[in-house]
Amino acid sequence: MRSIERAIVLVAVVIAMTGSSLAASAQEISLEALLGVTHHGGEGLEGVSGSRSASGTRLLIGVDPGLVEGVGFHLGWELENAVGSGFAGELDTSYQNHRVMVGADYRPVELGGFFRPLVRVSAGFGRQELEFETSEATYRGVNHGAAAYGGAGAEVVFRAKEDGALAGLAVGATTVVGYLWQSRAEFTSMESTTVPEEDLWQRGSYEAGALGASGISWSLGLNIRYRFLP
Amino acid sequence: MTKFVQRGALGLIIAALLGCGGEVLDGYNQPLDLGEPGAVSEGMVYLDQNFDELVMVRPGLEEDVPTLDVIRVEAGDGAARMVASADGRELYVLNDGERSLSIFEIESQEIGRVDLELDTTYDVINVDPHGEFVILSNSGNRRDDAIVQNLNEVAIVDLRDPDPSVRFLSLVTRAQNLEFLPPFTLDGQEERLVVALADSQVTLVDLNAEAGADQQRRIPLTISQADQVRRPQQVVFEQYQSEGSERVSLFVVTDNDSDITEITIQPAIREAQTLKFDLSVNQLAAGNRPGRIAMVETRQGRRLLALDSSAATFTMVDVVSGESATFDLRIGSPATNLIIYEVPVPGEEILEPRILAYSPQSSLVAIIRPDAIALGTETPTTGQAVQNIRLTTSTPSRVVLDPRPESGRAIVFHAGSNDGFTILNLESLTEAPIQGFPLRDVLFDGGQAFGLFANASYLVRINLNEAYAREIELPARPQSLHLGPDGETLLVRHEGASGRFTVMPVTEPTAEKSRVFEQVFLRNVLDRPVYEEQ
């Protein structure tokens, strides 16, 4: 594994350990699975792949330590991709955006016992991968950078009966719209993935240019929560 | 729930509106094929009609590591045709969309551009080998987008000034083929003429005359236009002294003639003459049915040599006296091509001309020694006028001479799939057949040549002096071969719409020292504009 990937895993482990110690004194823990789409608005990718956005899944593990009313923290893994083709099918483009984000949610009120508006902010690392495939060769490049997100949305929550067997458990649905900022990905030294093992010919470096992955981001999904009852 | 759905829909709408970038440039939806490149001094240039751009591919060597630069320059709207200048330093591009001609100057680091507005659309770019003019004309191929096509109109672009200018001329005849005559001086004046070849006539266009009747002079090749059509095939220019005066002659060969037409240009003698030149037409006998002709410098003076198109003979003509003599080439079929070269005379410091004549139907090649031919009352020189080389492999489809004057070597291409090629030694009149795949093209560099195979992923390095060949493996099948700037690298173009090239050092063209560059036309594609400007 490369050093940056090792760093991300290390940070995630630290956060998980911190999180778990927080959870030990937590009021609520949650698991959220979302479908997300980030709209780049073109910026290079639409020409070569025909798509203006990248979509995928997000998995958030949340904890509300009860420190501040309505504020919870989460650790998220996000994966979005865009696949398409350009130049009348002669170029096949595959783009992937992995993110590991740490963030906070603020839910100020609960209306009617089930509806909660929310504000979400997060920051972390992003790993963007781009692959260009033509009939002659396939080139792949990887870029690491920073990411940050700020958005607002709402969720609905359905709690189980407090005196029942599933007391403390709640399920719900969340939707958040916001802006994802990600550092510009410079794909300046892409490498060929189709060179045979025994090939003596060295390939010259290949640059695809720079990609901007920032844009409006929307997610929609389900969550499950467990509140620790006193 | 409804609030939730509404929020979701609102989010989508916002996203769509904010993310909306407009129409994607149509170039991204078109196939990548950039067509055939033009060769320039720095490398190769393609015309990317999808994005109206020129794409220059330039090989180099940085600390013994091959590099390939890709430079993109904006061309005009609807850039349709591109031709390089004779020295490879300029490119001329016709822009159909905006009816203009763009002149690009190729420097090592950048490409400059000058645009000239045109009065109508043209589709042929005729380039002056001396780099002073470009003439635009119409081929006559019907185009769907043209309402009218003037087949007789030309645009004359004068490149002699730092600011190129253009003027338009309606020729009296259709501009089928345009031949630039080399610059010459007549009566103390520097002249530039172009010959427009048309059925049964030629037109002399004076590039220095901006107005008036001097601009073009029509010379018919038949008595009447109702006579059988004679299509000019070749024009040879000659300047010589005759009866104490300077003369300029054009020798025109047609496809249906037993004579060569000589058009003589002299400065107008009579003071009352309003035209600059006096023109006279003469018929010159040169064999039964003259085909290819050439002027040759011999010890006895300048001679016209004409290959016969109906028999395996040639005729030598003294243009001043009109004397001629016909000789047998002894190759069995009429020769279709000739190459003039020079060999050093043993014991003397001068060079002697030789002519290599060949036919695709004969495995014999003829070497003509013009100095050994006496015409009329001349004293003949000893030696054979015609010698032959027998090609053991097969008949020649093409012969290419090593351009170095002292070389005396030529490469013969053969058409058969296993016939390989032959190295000709023109000094000793011997041949070295190299069996194998047939060649598609050859590039000379010093005492060696690099050959490109038509159907194999190999180059061949040919030692011309020792007459042997060694194959060089390539990563893919080659399409063309170029010498990089400074003669340090070989640039091999391969098949592949996205652009695939191999750059090899000339001194060591091995896999270890070379580099393959792929997806060259997609380089920095993400940095290019995606949307049409609103």
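Matching residues to (1) surrounded by 20 or more Cβ atoms within 10 Å (Cβ to Cβ); (2) assigned to a strand (DSSP E or B):
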| residue | (1), (2) |
| --- | --- |
| B:Glu190 | no, yes |
| B:Val195 | yes, yes |
| B:Leu204 | yes, yes |
| B:Glu210 | no, no |
| B:Ser224 | no, no |
| B:Asp227 | no, no |
| B:Arg230 | no, no |
| B:Gln234 | no, yes |
| B:Gln239 | no, yes |
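I'm trying to understand the selection: among the residues of region B:241-284, which are within 30 Å of B:Ser310 (Cα to Cα), out of contact with any Lys or Arg (no Cβ under 7 Å at 6 or more places or on another chain) and crowded, with 19+ Cβ neighbours inside 10 Å?
Initially, region B:241-284 is screened for residues within 30 Å of B:Ser310 (Cα to Cα), giving B:248-264, B:280-284.
Next, from what is left, pick out any that are out of contact with any Lys or Arg (no Cβ under 7 Å at 6 or more places or on another chain): B:248-253, B:259-263, B:280-284.
Across region B:241-284, the qualifying residues are B:Val248, B:Ser249, B:Leu250, B:Phe251, B:Val252, B:Val253, B:Ile260, B:Thr261, B:Glu262, B:Ile263, B:Leu284.
State which residue is surrounded by the fewest Cβ atoms within 10 Å (Cβ to Cβ) when the search covers only region B:518-533 and only residues that are in contact with a strand residue (DSSP E or B) (Cβ under 9 Å, 6 or more places away or on another chain) and free of Cβ contacts under 8 Å to residues at least 12 places away in the same chain. Full working, then the answer.
Step one: list which residues in region B:518-533 are in contact with a strand residue (DSSP E or B) (Cβ under 9 Å, 6 or more places away or on another chain), which gives B:518-528, B:530-532.
Still in the list and also free of Cβ contacts under 8 Å to residues at least 12 places away in the same chain: B:525-527.
Details: B:Val525: 22, B:Leu526: 24, B:Asp527: 13.
Residue satisfying both the conditions and the ranking: B:Asp527.
Can you find, within region B:425-446, the residue that is nearest to the chain's Cα centre (by Cα) among those that are open to solvent by less than 30 Å² (accessible area, probe 1.4 Å) and farther than 16 Å from B:Pro360 by Cβ? So that I can check it myself, show each step before the final result.
First, the residues of region B:425-446 that are open to solvent by less than 30 Å² (accessible area, probe 1.4 Å): B:426, B:432, B:436, B:438-439, B:442.
Keeping just the survivors that are farther than 16 Å from B:Pro360 by Cβ gives B:426, B:432, B:436, B:442.
Details: B:Leu426: 25, B:Ala432: 29, B:Gly436: 29, B:Val442: 15 Å.
Checking each candidate, the answer is B:Val442.
Limited to region B:256-281, what total is found for residues that are of a type in the set (D, E, K, R) and under 20 Å from B:Gln189 (Cα atoms)?
Narrowing region B:256-281 to residues of a type in the set (D, E, K, R): B:257, B:259, B:262, B:270-271, B:276, B:278.
Those left that are additionally under 20 Å from B:Gln189 (Cα atoms): B:270-271, B:276, B:278.
Qualifying residue count for the region: 4.
So, A:Leu220, is that one farther than 16 Å from A:Glu80 by Cβ and open to solvent by 60 Å² or more (accessible area, probe 1.4 Å) or not?
Values: farther than 16 Å from A:Glu80 by Cβ: no; open to solvent by 60 Å² or more (accessible area, probe 1.4 Å): yes.
In short, no.
Do we find a residue being out of contact with any helix residue (DSSP H, G or I) (no Cβ under 6 Å at 6 or more places or on another chain), open to solvent by 30 Å² or more (accessible area, probe 1.4 Å) and at pLDDT 90 or above anywhere in region B:350-357?
yes
Under the condition of being crowded, with 17+ Cβ neighbours inside 10 Å and among the β-branched types (Val, Ile, Thr), which residue from region A:108-141 is farthest from A:Ala88 (Cα to Cα)?
A:Val119
State all residues of region B:395-408 that are surrounded by 14 or more Cβ atoms within 10 Å (Cβ to Cβ), on the phi < 0 side of the Ramachandran plot and modelled with pLDDT under 90; if no residue qualifies, say none. Break it down stepwise before answering.
Initially, region B:395-408 is screened for residues surrounded by 14 or more Cβ atoms within 10 Å (Cβ to Cβ), giving B:395-402, B:407-408.
Of the ones still in play, those that are also on the phi < 0 side of the Ramachandran plot are B:395-402, B:407.
Passing the criteria: only B:Ser407.
Are there any pairs, at least 6 apart or on different chains, whose C-beta atoms fall under 9 Å, with the first in region B:436-461 and over 15 Å from B:Thr489 (Cβ atoms) and the second part of a loop (DSSP other than H, G, I, E, B) and of a type in the set (Phe, Trp, Tyr), and if so, which?
Listed by first residue and then by second, the contacts come to B:Phe453/B:Phe437; B:Ala454/B:Phe437; B:Asn455/B:Phe437; B:Ala456/B:Phe437; B:Tyr458/B:Phe437; B:Val460/B:Phe437.
Would you mind finding the one in A:Ala213, A:Ala152, A:Ala173 that is assigned to a loop (DSSP other than H, G, I, E, B), within 28 Å of A:Phe125 (Cα to Cα) and within 14 Å of chain B (Cβ to nearest Cβ)? Break it down stepwise before answering.
Values: A:Ala152 fails: assigned to a loop (DSSP other than H, G, I, E, B); A:Ala173 fails: assigned to a loop (DSSP other than H, G, I, E, B).
Exactly one residue qualifies, and that residue is A:Ala213.
Residue-wise test of (1) closer than 30 Å to A:Glu133 by Cβ; (2) at pLDDT below 90; (3) within 25 Å of the chain's Cα centre (by Cα).
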| residue | (1), (2), (3) |
| --- | --- |
| A:Asp163 | no, yes, no |
| A:Trp181 | yes, no, yes |
| A:Asp199 | yes, yes, no |
| A:Ile216 | yes, no, yes |
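Tally time: how many residues in region B:422-480 are out of contact with any helix residue (DSSP H, G or I) (no Cβ under 9 Å at 6 or more places or on another chain) and not in a loop (DSSP other than H, G, I, E, B)?
Going residue by residue through region B:422-480, those that are out of contact with any helix residue (DSSP H, G or I) (no Cβ under 9 Å at 6 or more places or on another chain) are B:422-444, B:447-480.
Going one step further and asking which of them are not in a loop (DSSP other than H, G, I, E, B), we end up with B:422-425, B:430-434, B:436, B:439-444, B:448-453, B:458-463, B:468-473, B:478-480.
Here the count works out to 37.
Filter region B:485-505 for residues that are assigned to a loop (DSSP other than H, G, I, E, B) and open to solvent by 10 Å² or more (accessible area, probe 1.4 Å); which is farthest from the other protein chains (Cβ to nearest Cβ)? Steps first, answer last, please.
From region B:485-505, those assigned to a loop (DSSP other than H, G, I, E, B) are B:488, B:495-500; that's our starting set.
Applying the additional criterion that residues be open to solvent by 10 Å² or more (accessible area, probe 1.4 Å) yields B:488, B:495-497, B:500.
Working: B:Glu488: 16, B:Glu495: 8, B:Gly496: 4, B:Ala497: 6, B:Arg500: 5 Å.
So the residue we want is B:Glu488.
Please enumerate the residues belonging to region A:1-51 that are open to solvent by 60 Å² or more (accessible area, probe 1.4 Å) and at pLDDT 80 or above.
Within region A:1-51, the first condition is being open to solvent by 60 Å² or more (accessible area, probe 1.4 Å), and the residues that meet it are A:1-4, A:6, A:9-11, A:13-14, A:17-18, A:20-21, A:24-25, A:27, A:29, A:31, A:35, A:43.
Within region A:1-51, A:Gln27, A:Ile29, A:Leu31, A:Leu35 meet the criteria.
Residues that are open to solvent by 20 Å² or more (accessible area, probe 1.4 Å) and closer than 27 Å to B:Val194 by Cα: list the strands (runs of 3 or more DSSP E) wholly contained in region B:64-136 that include at least 2 such residues.
Of the strands (runs of 3 or more DSSP E) lying wholly inside region B:64-136, those with at least 2 residues that are open to solvent by 20 Å² or more (accessible area, probe 1.4 Å) and closer than 27 Å to B:Val194 by Cα span B:79-84, B:111-117, B:124-127.
Do we find a residue being among the basic types (Lys, Arg), under 14 Å from B:Asp119 (Cα atoms) and either over 21 Å from the mean Cα position of the chain (by Cα) or open to solvent by less than 70 Å² (accessible area, probe 1.4 Å) (or both) anywhere in region B:137-148? Quick ask: steps written out before the conclusion?
Initially, region B:137-148 is screened for residues among the basic types (Lys, Arg), giving B:142-143.
Pick out the ones that are also under 14 Å from B:Asp119 (Cα atoms) and you get none.
The answer is no; no qualifying residue exists.
The values are calculated or read from the model by the stated rules, or taken from the named source; none is laboratory data. As the structure is a prediction and not an experimental result, all values here were calculated from the model. Backbone-built Cβ (ideal geometry, glycine too); neighbour counts: all protein chains shown. Just the protein is used for accessible areas: all its heavy atoms, side chains included, with ligands, DNA and RNA removed. Shrake-Rupley method; radii C 1.70, N 1.55, O 1.52, S 1.80 Å.
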